Amino acid sequence: MPAPDTSHDPALLALQALAWTLAEPARAARLLDVTGLTPAELKVSASDPATLSAVFGFLENHEPDLVACAAGLGVRPEALVAAHRSLDA
């Protein structure tokens, strides 16, 4: 099995994952519900490492979204997981 692609900037990948998540209203609402963030708080904290980590956690907790997001961003799901670990390190 090949190693996960870790060549992506974790913060940039997280911002792309956030944009992908917010592109679908039901998924965006679920993100806010799960994280407890309001739209205003999300806007202000979008580049905060804790918020970016929460986006990855949100995706990892629902594998269909993780896989779909990875496909939408042109990366493997493992790259998103690796980026999450990198942000939390």
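The values are calculated or read from the model by the stated rules, or taken from the named source; none is laboratory data. Here the structure is a predicted model, which means the values were calculated and not measured. Heads up, the Cβs are rebuilt from the backbone with ideal geometry, glycines too, and the neighbour counts pull from every protein chain shown. Just the protein is used for accessible areas: all its heavy atoms, side chains included, with ligands, DNA and RNA removed. Shrake-Rupley method; radii C 1.70, N 1.55, O 1.52, S 1.80 Å.
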Query raised in the report: Relative contact order (percent) for the chain, with alpha-carbon contacts under 8 angstrom and 6 or more residues of separation?
Result: 45
Query raised in the report: With each pseudo-label sitting 7 Å past Cα toward Cβ, what's the Ala89-Ser45 distance in nm, one decimal?
Result: 2.4
Report task. Just need the Rg to Rh number for the chain, please, alpha carbons only, Kirkwood Rh. Result -> 0.94
Query raised in the report: From the residues Gly57, Cys69, Pro39, which one has its Cα farthest along the dipole of the range 22-76 in the positive direction, the dipole being from +1 and -1 charges on Cβ of Lys/Arg and Asp/Glu about the Cα centre?
Result: Cys69
Query raised in the report: If you roll a 1.4 Å probe over the chain with all protein chains in place, what percent of the accessible area is carbon or sulfur?
Result: 60
Query raised in the report: Solvent-accessible area per residue for the chain at a 1.4 Å probe radius, Å²?
Result: 57
Report summary line: Judged on accessible area alone, 1.4 Å probe, highest first, Thr35, Thr51 line up as Thr35, Thr51
